[in-house]
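Following: one structure in structure tokens, then a few remarks.
The values are calculated or read from the model by the stated rules, or taken from the named source; none is laboratory data. On a predicted model such as this, the values are computed, not experimentally measured, just so you know. A quick note on method: Cβ atoms are made from the backbone with ideal geometry, for glycine too, and the neighbour counts reach across all protein chains shown.
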Amino acid sequence: MYDSLTNRRNFIKKMAMLSAITAAASMFPGIVFASEQEKGIPDNANLDWKKGPCRFCGVGCGILVGTENGKAVAVKGDPNSSVNKGLLCVKGYHQIMCIQSKDRLKTALVKKNGNYVETPLNEALDLVASKMKESIAQNGKDSVAMYTSGQSTIPEGYIASKFMKGAIGTNNLDCNARLCMASAVTGFLTSFGADEPMGCYEDIDHADYFVTWGNNMAEMHPVLFSRMLEQKAKRGAKIIDFATRTTRSSTASDKSILFEPQTDLAVANAICYEIIQNGWVNKSFVEKHCSFSKGLTHIGYGLEDNFQFTDKPEKIDFEAYKEFLKDYSPEKVAKYSKVSVKDIKYLAAIYGDPNKKVVSYWCMGMNQHTRGTWINNLVYNIHLLTGKISQPGNGPFSLTGQPSACGTAREVGTFTHKLPHGVVMNKKDREMAAKIWKVPVERIPSKPTYHATEMFRAVDRGDINFIWVQATNPLVSLPKTSRYRPAMEKKSCFVVVSDVFPTPTTDVADVILPAAWHIEKGGLYGNSERRTQYWQKMVESPGEATPDTWMFIEVARRMGFEDLFPYSKENHVEEIYNEYRQFHEGAKHGMAPLEVLEKESGAIWPYVNGKSTQWRYNAKYDPACSNGEDFHFYGKPDGKAVIWQRPFEDAPEKPDQEYPFWLNTGRVVEHWHTGSMTRRIPVLHQAMPNAYAEFHPDDAKSLGIRNGENIKITSRRGSCTLPASINERGLPTKGQVFVPFFDENMLINDVTLDSFCPISKEPDYKKCAVKVERA
Amino acid sequence: MNENSEFSHSYNQHSMPIKSYLAHPIAGRKDELLAALKGFDQCEVLPAENQNILALVTDTLNDKEDEILKEKIEALSSLKLLALVSGFNTPQ
Ligand code: SF4
């Protein structure tokens, strides 16, 4: 007789072995195990396997979820997904284990006299709608706000945008992707006039060199890193790690180059200086396909409330750019970047060699940067000068952190300035939205309002009186939570939070709405390589937990917008996606129809004539190219990509006598962002139970700090106490402390600074000044 | 604050632990460690071909047996370091 327990245990053992192999792959260059790992997991006759994307990171691995008697019991990598080819990382394998957590939110909770009272969902939604209406009646449309997520599905983001911008008529919608991807967006828009990478993951199979800029891919994009390691072992591809901290990625790389925080700007310029000096410029490419511009300098840091900045681009020529670069000779830059002249020349020679294919990868190190837009521009400059772009194995590739930061936040446009197609400032884009949404065009305001940081400042000032937070945990993830936690506790703002689990953000809510988890609803995500992935509901959610899209629709209907939200409960995901697709029709951004996404493990947009476009702007692959040349940067009116003159400028706060250390924050492989899901997965929680503060051993020695000892880290904003970690997972450079931010019991964001890139408005979580004491 | 620090739920009840580890042998003693680990009924082991490391999965009936096995493995003289990668508990 079929023994389901034995089979399941065998299956789990296979998964456990694959986890170990995956972990080893992220630690050792080119590790190869016996062929057993290739055999994969045998199909279990009793399990029903359904496909979807992983819930967690922006790599967007395909997963297969095995269900049995209505319960999700197993996860394996989808062998048909070209993203991960059957592999998953530890988070991916264990993802479903949080669903049944004891403290899962199953009913709506309404705060009454300081206590949370279980309330029927319908009543809670009535209350949310009435509070929203009341706030609008008393204080105007711009007194209500919504803060969503790069983990929201495409339908969730789309309905949020339609509800706020089309129905209510306010641009008070922003999302946590502002905290992670906004600089990537402004980098793409300023350099190319169109968002998102030109290449795809298949670049990994062609590149000779991978240069990672401030990015610990072994922990943050582990499946992609294991694909790089495979190419390293197979073809001798080389990985160069350029970072401010020695990580698992550094030790698995061929070369690790460390730089002083913020000086990546100068090093990127120095690489361009070398490329020009050595005659490595791809002249015909630059002449045909590039223009040169400069923008304003000394642009500020956004530290003041209501900070405003608008860049004033000015065209320059190649000679002026060359002259500007004279300040960035390797000899000059080596002095303050702490990167040797030899290493700068080494990097430049890699990019400069016409016979080598190079992919640059980055994520938060470059985006969470007070000059985030600039550093994105500068890495594009390197690829544009050498013509190494938009070809298999050659290209700059901005990786996303969240599973649908691209698909939802950037493509649907859940930012204050965005619409599903284009921006609110553009009349044509507003007209298109009004037509598809069937609303008067005058209702969509033409002026952006609050970006994420400013939205919470507005809550603090009393300018926002109602906020709805969905699928994110800002009171752990915002910078300077020491200001924004008390702000959200103020009586002047009614706070609604939809989530799957209790978090420090639900702790300050007036209404907590129980959200359905990933596989308890259908949805679509879009990953880093422009891949849209669709999944169908796989299991029922517990209690009254409900898909977020449906809760938005219910509230919109209660506010009198029934006609704008005519979707059916059963098929709303599909109906919404079909409506949304109209925004992107055409060769530049066409999205695959649902029938295709149902069958395949995702499709890459532009999806044209039944085909994904893997390399944009290259006429060989991209049907939108229309200038008759090999390349066409059609995002810009003149069809040319822009090489930007952007200088090095200091960080707003640097170590000084009183606060002598840099503080750098980030993530660990075991935990997803603020840990609200992964800390409820016992294996992941046990593997990494709490945050810690990494020190360089020399600093630990001079401060007399021992491993594990409690240390208090203090900035001008606040403090946080954590155990010291010396020579364990990562090794910061001397004078730097690193702390992961996943632990809600050790809130390092009470310490961080809410400065941001004036162009992208993305905060810099990687640099502020702190002092360190034994607690 | 909420009770997030506990994180206990149904997966923890009546467990039959399956765990995976990376076992780092002392230099030059990889084969010896492989043989020793293969000697335990509850162990499945997969050596890396080109690195000094072994992937190990343990399958035990309960937490007590899991603990005893771990102690035995850690006592092997050819083992330098045992690093936990993941653990699964399946209902009995
Ligand atoms: S790499 Fe990212 S998408 Fe892939 S399994 Fe891990 S968390 Fe999921």
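Numbers at a glance
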{"read-out": "Filter result for A:Asn69 (over 19 Å from A:Pro514 (Cβ atoms) and either modelled with pLDDT under 90 or within 11 Å of chain B (Cβ to nearest Cβ) (or both))", "value": "yes"}
{"read-out": "Qualifying residue in the stretch A:176-199 (condition: within 16 Å of the ligand (Cβ to nearest atom) and of a type in the set (Phe, Trp, Tyr))", "value": "no"}
{"read-out": "Condition met for A:Cys57 (within 28 Å of A:Asn171 (Cα to Cα), at pLDDT 90 or above, within 11 Å of the ligand (Cβ to nearest atom) and more than 14 Å from chain B (Cβ to nearest Cβ))", "value": "yes"}
{"read-out": "Pick from the stretch A:333-356, criterion under 16 Å from A:Ile275 (Cβ atoms) and charged (D, E, K, R), ranking: surrounded by the fewest Cβ atoms within 10 Å (Cβ to Cβ)", "value": "A:Asp353"}
{"read-out": "Answer from A:Trp672, A:Trp662 - the residue that is outside any loop (DSSP other than H, G, I, E, B), aromatic (Phe, Trp, Tyr) and either buried (at least 20 other Cβ atoms within 10 Å of the Cβ) or touching a residue at least 24 places away in the same chain (Cβ under 8 Å) (or both)", "value": "A:Trp662"}
{"read-out": "Residues (within 14 Å of chain A (Cβ to nearest Cβ) and farther than 17 Å from B:Ala75 by Cα) located in the stretch B:25-38", "value": "none"}
{"read-out": "Residue match in the stretch A:143-154 (condition: part of a helix (DSSP H, G or I) and away from the ligand (no atom under 16 Å from the Cβ))", "value": "yes"}
{"read-out": "Matching residues, the stretch A:409-456, being within 18 Å of A:Met591 (Cα to Cα) and surrounded by fewer than 20 Cβ atoms within 10 Å (Cβ to Cβ)", "value": "A:Gly422, A:Met432, A:Ile436"}
{"read-out": "Condition broken by A:Trp49, with the remaining ones in (1) more than 15 Å from the ligand (Cβ to nearest atom); (2) more than 28 Å from A:Leu597 (Cα to Cα); (3) modelled with pLDDT of 75 or more satisfied", "value": "(2)"}
{"read-out": "Residue among B:Lys70, B:Lys64, B:Lys80 that is surrounded by fewer than 20 Cβ atoms within 10 Å (Cβ to Cβ) and either in a strand (DSSP E or B) or in contact with a His (Cβ under 8 Å, 6 or more places away or on another chain) (or both)", "value": "B:Lys80"}
{"read-out": "Candidates A:Glu653, A:Glu728 - the one that is of a type in the set (D, E, K, R), closer than 21 Å to A:Ala218 by Cβ and assigned to a loop (DSSP other than H, G, I, E, B)", "value": "A:Glu728"}
{"read-out": "Checklist (1) in the same structural domain as A:Leu513 (by TED's automatic domain parsing); (2) more than 19 Å from A:Lys490 (Cβ to Cβ); (3) not in a strand (DSSP E or B) applied to A:Asp103, failing item", "value": "(1)"}
{"read-out": "Failed criterion for A:Leu64 (all others in (1) modelled with pLDDT of 90 or more; (2) out of contact with any strand residue (DSSP E or B) (no Cβ under 8 Å at 6 or more places or on another chain) hold)", "value": "(2)"}
{"read-out": "Lone unmet requirement of (1) closer than 30 Å to A:His451 by Cα; (2) of a type in the set (D, E, K, R); (3) out of contact with any helix residue (DSSP H, G or I) (no Cβ under 7 Å at 6 or more places or on another chain) for A:Lys234", "value": "(1)"}
{"read-out": "Filter result (away from the ligand (no atom under 14 Å from the Cβ) and closer than 15 Å to A:Leu87 by Cα) within the stretch A:200-230", "value": "A:Glu230"}
{"read-out": "Residue check, B:Asp41 outside any strand (DSSP E or B), more than 11 Å from every other protein chain (Cβ to nearest Cβ) and closer than 16 Å to A:Ile12 by Cβ", "value": "no"}
{"read-out": "Helices (runs of 4 or more DSSP H) wholly inside the stretch A:247-322 containing at least 3 residues that are out of contact with any helix residue (DSSP H, G or I) (no Cβ under 6 Å at 6 or more places or on another chain) and surrounded by fewer than 21 Cβ atoms within 10 Å (Cβ to Cβ)", "value": "A:283-289"}
{"read-out": "Residue tally, condition within 10 Å of the ligand (Cβ to nearest atom) and either among the hydroxyl-bearing types (Ser, Thr, Tyr) or without any contact (Cβ under 8 Å) to a residue 12 or more places away in the chain (or both), over the stretch A:72-103", "value": "2"}
{"read-out": "Residue that is farthest from A:Thr408 (Cα to Cα), among those in the stretch A:471-499 that are in a loop (DSSP other than H, G, I, E, B), polar (S, T, N, Q) and under 20 Å from the mean Cα position of the chain (by Cα)", "value": "A:Asn473"}
{"read-out": "Test: A:Thr416 is away from the ligand (no atom under 16 Å from the Cβ) and away from chain B (no Cβ under 14 Å)", "value": "yes"}
{"read-out": "Subset of the stretch A:510-537 [of a type in the set (A, V, I, L, M, F, W, C), more than 14 Å from chain B (Cβ to nearest Cβ) and away from the ligand (no atom under 16 Å from the Cβ)]", "value": "A:Val511, A:Leu513, A:Ala515, A:Ala516"}
{"read-out": "Sole residue being buried (at least 22 other Cβ atoms within 10 Å of the Cβ), of a type in the set (Ser, Thr, Tyr) and under 22 Å from A:Gly395 (Cβ atoms), chosen from A:Tyr607, A:Tyr534", "value": "A:Tyr607"}
